[in-house]
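Heads up: the structure comes next, in structure tokens.
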Amino acid sequence: MVCIAVVTLIAGCGFHLQGAFTAPATLERTYIATNDQYSQFYRELRLQLQDAGVQLVDTQAESTATFSILYDETDQRVLSVSARNVPTEYEVYYTIQYAIDGTDSRLLETQDLTITRNYTYDSRLVLGKAREEELLREAIVRDLVRIVLKQISTI
């Protein structure tokens, strides 16, 4: 009986578990505008929005909000080289720029986010390092989406 009262009290005050995303009502039916429907960020964002109960629509006309991905780019660059001019450390980065518009006003101004991760490179472990780079990109995308969802929850 006491447990039920505590749960009701906590739920009533708006408490949410950390990481739990509740979509604002203005995003009930959202259209995602992007130039690259195959990017890692776009796919992860769609998945997380759907998991949060947001209905993703195919046209802007049917939507209550438009999530515009204005820039979506990932790459890597050399951070350091050995004495023999061989790369020994790389930086993987992912940059996005986005904005959210409602039916009659801008809900979230243009936001720029960049996340970087470094990894060491060893030419004897080419396959393992390629997989490490792939895993770093996936982790970066999850972090970007988590940050975006946190910003969206303030709308």
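The values are calculated or read from the model by the stated rules, or taken from the named source; none is laboratory data. All figures in this text were calculated on a predicted structure; none of them were measured in a lab. Please note: Cβ atoms are built from the backbone with ideal geometry, for glycine as well, and neighbour counts cover all protein chains shown.
Below is a table of values for the structure above.
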quantity	calculated
Whichever residue in the stretch 54-73 is more than 21 Å from Leu144 (Cβ to Cβ) and either at pLDDT below 95 or of a type in the set (Gly, Ala, Ser) (or both) and, among such residues, is surrounded by the most Cβ atoms within 10 Å (Cβ to Cβ)	Ser63
Selected residue [within 20 Å of Glu44 (Cα to Cα), of a type in the set (Lys, Arg) and at pLDDT 95 or above] from Arg137, Arg106	Arg137
Output for the stretch 14-34, where each listed residue is at pLDDT 55 or above, of a type outside the set (Asp, Glu), out of contact with any Asp or Glu (no Cβ under 9 Å at 6 or more places or on another chain) and not in a strand (DSSP E or B)	Gly19, Ala20, Thr22, Ala23, Pro24, Ala25, Thr26, Leu27
Residues satisfying the stated conditions in the stretch 75-107, i.e. of a type in the set (Ser, Thr, Tyr), surrounded by fewer than 19 Cβ atoms within 10 Å (Cβ to Cβ) and in a strand (DSSP E or B)	Ser80, Thr88, Tyr93, Thr95
Those residues of the stretch 62-74 which are among the hydroxyl-bearing types (Ser, Thr, Tyr), more than 20 Å from Tyr90 (Cα to Cα) and part of a strand (DSSP E or B), in sequence order	Thr66, Ser68, Tyr71
Filter pass, Arg46 being basic (Lys, Arg) and closer than 13 Å to Leu27 by Cα	yes
The stretch 46-61, residues that are touching an Asp or Glu at 6+ places or on another chain (Cβ under 9 Å) and assigned to a loop (DSSP other than H, G, I, E, B)	Gly53, Val54
Odd one out for Arg106 among (1) within 17 Å of the chain's Cα centre (by Cα); (2) within 18 Å of Ile32 (Cβ to Cβ); (3) basic (Lys, Arg)	(1)
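The rows are residues; the columns are (1) without any contact (Cβ under 8 Å) to a residue 40 or more places away in the chain; (2) touching a His at 6+ places or on another chain (Cβ under 9 Å); (3) of a type outside the set (Phe, Trp, Tyr).
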site: Tyr31; (1), (2), (3): yes, no, no
site: Asn35; (1), (2), (3): yes, no, yes
site: Gln40; (1), (2), (3): no, no, yes
site: Ala65; (1), (2), (3): no, no, yes
site: Ser68; (1), (2), (3): yes, no, yes
site: Ser80; (1), (2), (3): yes, no, yes
site: Glu91; (1), (2), (3): yes, no, yes
